[in-house]
Amino acid sequence: MAKSQSASLDRKKLLADPIMVTTIVLLIVFLTIFILYPLTILLVDSFISDSGITLDTFKRVMELANFRRAITNTLKVGFLVGIASALIGLLFAYVEVYVKLRTRFMEGLFKVVSMLPVVSPPFVLSLSMIMLFGKAGIITRFLLKIYDNSVYGFWGIAIVQTLTFFPVCYMMLKGLLKNIDPSLEEAARDMGASRFKVFMTVTFPLILPGLGNAFLVTFIESIADFANPMIIGGSYDTLATTIYLQITGAYDKEGAAAMAVVLLGITLIMFVVQKYYLEAKSTATLSGKASRERMLITDKSVTVPLTIICSALAIFVVLMYICVPFGAMFRTWGYDFHLTFKWFGQVFTKYKGFKAFKDSFILSFISAPITALLSMIISYLVVKKKFKAKGFIEAVSMLAMAVPGTVLGIGYIRGFSGGIFGSGFLQGLYGTGMILVIVFIVRSLPTGTRSGISALRQIDKSIEESAYDMGADSFKVFMTVTLPLIKDSFLSGFVTSFVRSITAISAIILLVTPSYLLITVQINEFAEKGSYGIACAFASILILITYGSVLIMNILMKYFGTSRKVKALD
Amino acid sequence: MAKEKKGVRLEHISKIYKDPKTGKDFYAVHDANIEIEPGSFVTLLGPSGCGKTTTLRMIAGFESPDEGEIYLGNEPINALTPNKRDTAMVFQSYALLPHYNIFDNVAYGLKLRKVPADEIKRKVTDILRLVGLEGMENRMTNQLSGGQQQRVALARALVIEPGVLLFDEPLSNLDAKLRVSMRTEIRRIQQEAGITAVYVTHDQSEAMAISDKVIIMNGGLVEQISTPQEAYYYPNNKFVADFIGEANFIKGTVKKQDVVEIQGTEIECATGSLDVGAECDIVLRPEGATLSDTGSIKGCVKYSCFMGAYQDYHVLVGDTLVKIQDYNPKNKKIYNVGEDIFLKFENDTLYAL
């Protein structure tokens, strides 16, 4: 049996669609140059020297005590943060799905917590951690009268990262818990199991793969995190910061490349396990829809303690965010609590705040629509079309999710500072705003693509087929059918990518040149110097921008989103 | 209404798929040779997995055949994409564009063909009248019932005046009553529009009711192409006999032309091209025989049940259980379980395979 004829016919049909062919080719070129190539160059850098293939560079960096320490540090933090985030996330998800939350206040709190990971710049919690619990911390110094408390190091990073990442776990696990059919648990209750027994023997085993999934996702986020260890790590270096210092401090580019390969190796393994094993497993057991609504737990002995724990945690997180604008308004944090606007003033008068906001805003605003459109195109091709390079496009755009920003940054330095393969081709890109835009796009592409894919999977294949059958080519189908139907996903991709870009730091900090001032880089700089007032002023304005964007998005979706209308159909 | 009625011709068409479980290739459609006359209504009929939908999707262009060539009119269309083919499909799930109203849904294909706006308006209004949806232009698709959505889907396909209209189980999402009235409606509209139609269904009564010809498929193979009557009275094989209507198979031997022997008794029966002396299966439709005190073939009643229109019997003949439906039972003798009876065959109803 030869399938050759259909293959050649499919190819002919594809080639009859020039816009689509061009799109696919451009996509492949883009993904190859800006994701695959920089990673390849890291391998080349660290494995190949003048004398051929060698492990010398690896041997050299492995002998560095600080690098070896960084590996253990990173893994230790990642492990703890992964477990803590998954468990706290589970607690929140369980309380939301299973327990009756009687008050408006509690519902509001949960909503805020679920929104935080979207709007929060990465290092905000580190800043407030220092301001609350550091040497001059309000809680440590003024409430507890401890004058030499150190928040820097392992516990600082672990706590801050856990508080930053657990909302992601909460959202993931909430989705899974909602899919559990209540009758499973009711059956167990009916046969005489206690609530705790039901949780341990029914609920928990069902979401165990999902829990593992949440753990690994957080683990990857944690070890890829650059901003928090940078600000609150002190002398406790992780891989991301060590790599950064290796290139900015020691100017050891090959060494940094080899270290980046090690970091990439770790995240990649985690990612593959997560993506291809746990993710499939966690949804496979819980893909069904709940047959009816769950009877919420009203038993006070359960609701009261759970709500108290959750609210305490949530309030604590909210408090940490509130701490930031106050940090910008006290004359001297920890000593002089008179309110002042001098820091905000200085941001704009002394520290070129206006330029920083303009640069960050413009670069992010250019990259956001491109990212949103690109991810919608990729998801359309992946979900609705069949062609040979499809696997490549899907794999590479997802691969970007597993690449830590620092690694990508090093890859870009090594890959583009001398042009492609040192040939000078595309060298003009290096040091421009363009390369920053590209980094923003690459960094946000996986999230956008993922949401686009899941939105498109919900649309019946025959809707697009019908348009195709009526005479529309792929481009027309995409513009008149697909895009209008996933408008919401496009909009949220736009805003998410904007927010991610404007709050990004890890890759950017390695690539930015003095001609561009970026808010995040400024915050990092002032926080490093200990000028918390200025750092907080920058951060407060940044939070306002991101929060504002999300608000605008929600309003836009409410009034212009078509998906709502379409969804009402079922 | 159509500019030109086109026929469809499939020459040695095969489609190979990979079984996702075993990883082995198999023929979803194997060497199908089908000729569809211009203006006729043809049904692809068969159980699920028989290859009927695959065949339809190859005609539409969504799937590419692995062997053979498809002609639309006289034009080979294998390499054409669906949007370049002169076909229009009515989907099982209606597949209306949910962000458009009814008018825009129907006008979609015309706009793509750059038809002037006033002509679009006229054509859409006309076609909506034809399918009985006049005045609904501004409704959204989710404000329509399933039957109405199906009419929109039909109007959308008809309005671009395709050479061939394709239906992919269009009625399977409707309730039983609506199915019956819609199929009459589809047949009426097809005749009025004078358009070639290829229709996929697994419901044999639906196929019988609307088709000029039925193409019965099983396991990727075309088993029979004929009028519904021929398929019912003269099935090519046991599968067709069993799939179209209900059938009993009684073992027998061909004695001479149009005479067979069942359990020592000779009976008139169409033997077709079977040789004298051949062992054969005799097809007996449930309504093709009645029960009686005297007659040729002996049997014993194993089940007897009043169904209103008929008395339902299971009769053991030799070692074969034969199902008989004796219509108008009111003034007839009713036989009970355990009674010995004789089968009395209606004239010209037996067919030997």
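Just a few scattered comments:
- Some residue of region B:118-127 being closer than 27 Å to residue B:36 by Cα, modelled with pLDDT under 90 and in contact with a Leu (Cβ under 9 Å, 6 or more places away or on another chain): no
- Considered as a group, the residues in region B:180-190 that are surrounded by fewer than 21 Cβ atoms within 10 Å (Cβ to Cβ) and among the charged types (D, E, K, R) include one that is farthest from residue B:125 (Cα to Cα), and that residue is B:187.
- Scanning region A:12-23 turns up one or more residues that are at pLDDT 85 or above and under 28 Å from the mean Cα position of the chain (by Cα).
- Scanning region A:195-248 for residues that are surrounded by fewer than 24 Cβ atoms within 10 Å (Cβ to Cβ) and of a type in the set (Asp, Glu) yields a count of 2.
- Condition met for residue B:225 (closer than 26 Å to residue B:14 by Cα, touching a Lys or Arg at 6+ places or on another chain (Cβ under 9 Å) and in the same structural domain as residue B:177 (by TED's automatic domain parsing)): yes
Every residue, every condition in (1) under 17 Å from residue A:14 (Cα atoms); (2) in the same structural domain as residue B:185 (by TED's automatic domain parsing); (3) assigned to a strand (DSSP E or B); (4) modelled with pLDDT of 90 or more, yes or no:
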position	(1), (2), (3), (4)
B:38	no, yes, no, yes
B:43	no, yes, yes, yes
B:50	no, yes, no, yes
B:53	no, yes, no, yes
B:56	no, yes, no, yes
B:62	yes, yes, no, yes
B:68	no, yes, yes, yes
B:71	no, yes, yes, yes
B:79	yes, yes, no, no
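- Within region A:15-23, one or more residues are away from every other protein chain (no Cβ under 14 Å) and part of a helix (DSSP H, G or I).
- Unique residue being assigned to a helix (DSSP H, G or I) and farther than 24 Å from residue A:13 by Cα when the list is B:110, B:128, B:133, B:96: B:128
- Selected residue [away from chain B (no Cβ under 14 Å) and either in contact with a Cys (Cβ under 8 Å, 6 or more places away or on another chain) or farther than 30 Å from residue A:228 by Cα (or both)] from A:41, A:53: A:53
Residue-by-condition table, conditions (1) more than 20 Å from residue A:220 (Cα to Cα); (2) surrounded by 16 or more Cβ atoms within 10 Å (Cβ to Cβ):
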{"residue": "A:22", "(1), (2)": "yes, no"}
{"residue": "A:35", "(1), (2)": "no, yes"}
{"residue": "A:39", "(1), (2)": "no, yes"}
{"residue": "A:72", "(1), (2)": "no, no"}
{"residue": "A:78", "(1), (2)": "no, yes"}
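- All of (1) charged (D, E, K, R); (2) in contact with a strand residue (DSSP E or B) (Cβ under 6 Å, 6 or more places away or on another chain); (3) at the interface with another protein chain (Cβ under 9 Å from one of its Cβ atoms) hold for residue B:5 with one exception: (3).
- When region B:96-126 is filtered for residues that are within 11 Å of chain A (Cβ to nearest Cβ), free of Cβ contacts under 8 Å to residues at least 12 places away in the same chain and either of a type in the set (Lys, Arg) or buried (at least 23 other Cβ atoms within 10 Å of the Cβ) (or both), the ones remaining, listed by number, are B:111, B:114.
Residues checked against (1) assigned by TED's automatic domain parsing to the domain that holds residue A:249; (2) farther than 30 Å from residue B:156 by Cβ; (3) in a helix (DSSP H, G or I):
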position	(1), (2), (3)
A:450	no, yes, yes
A:454	no, no, yes
A:465	no, no, yes
A:471	no, no, no
A:477	no, no, yes
A:498	no, yes, yes
A:510	no, yes, yes
A:536	no, yes, yes
A:541	no, yes, yes
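- The residues in region B:153-172 that are surrounded by fewer than 22 Cβ atoms within 10 Å (Cβ to Cβ) and farther than 20 Å from residue B:202 by Cα can be counted, and the count is 2.
- Selection status of residue A:530, more than 24 Å from the chain's Cα centre (by Cα) and surrounded by 19 or more Cβ atoms within 10 Å (Cβ to Cβ): no
- All positions within region A:364-420 that are assigned to a helix (DSSP H, G or I) and without any contact (Cβ under 8 Å) to a residue 60 or more places away in the chain: A:390, A:391, A:394, A:395
- Any hit, region A:479-490, residues being within 22 Å of the chain's Cα centre (by Cα) and assigned to a loop (DSSP other than H, G, I, E, B): yes
- Positions within region A:326-354 being in contact (Cβ under 8 Å) with a residue 24 or more places away in the chain, within 18 Å of residue A:502 (Cβ to Cβ) and loosely packed, with under 15 Cβ neighbours inside 10 Å, in sequence order: A:352
- Residue within region B:136-143 that is closer than 11 Å to residue B:92 by Cβ, away from every other protein chain (no Cβ under 12 Å) and not hydrophobic (A, V, I, L, M, F, W, C) present: no
- Some residue of region B:228-246 being under 23 Å from residue B:10 (Cα atoms), charged (D, E, K, R) and in contact with a helix residue (DSSP H, G or I) (Cβ under 6 Å, 6 or more places away or on another chain): no
- Residues satisfying the stated conditions in region B:59-89, i.e. more than 9 Å from chain A (Cβ to nearest Cβ) and crowded, with 19+ Cβ neighbours inside 10 Å: B:59, B:70, B:72, B:77, B:86
- Yes/no for residue B:93 being at pLDDT 90 or above and either surrounded by fewer than 21 Cβ atoms within 10 Å (Cβ to Cβ) or facing chain A (nearest Cβ under 8 Å) (or both): no
- Members of region A:24-65 that are part of a helix (DSSP H, G or I) and of a type in the set (Gly, Ala, Ser): A:46, A:65
- Every test in (1) part of a helix (DSSP H, G or I); (2) of a type in the set (A, V, I, L, M, F, W, C); (3) away from chain B (no Cβ under 14 Å) is passed by residue A:101 save one, and that test is (1).
- For region A:466-489, taking the residues that are small (Gly, Ala, Ser) and within 9 Å of chain B (Cβ to nearest Cβ), the one that is nearest to residue B:85 (Cα to Cα) is identified as A:471.
- Residue in region A:144-151 that is surrounded by fewer than 22 Cβ atoms within 10 Å (Cβ to Cβ), touching a residue at least 24 places away in the same chain (Cβ under 8 Å), closer than 30 Å to residue A:327 by Cα and basic (Lys, Arg) present: no
- The residues of region A:180-199 that are within 18 Å of residue A:89 (Cβ to Cβ) and in a helix (DSSP H, G or I) amount to a single one, A:199.
- Taken over region B:16-25, the criterion of being loosely packed, with under 14 Cβ neighbours inside 10 Å and part of a strand (DSSP E or B) is satisfied by B:18 alone.
The values are calculated or read from the model by the stated rules, or taken from the named source; none is laboratory data. Predicted model only: the values in this text are computed from it and were never measured. For neighbour counting, all protein chains shown are included, and Cβ atoms are generated from backbone atoms with ideal geometry for every residue, glycine included.
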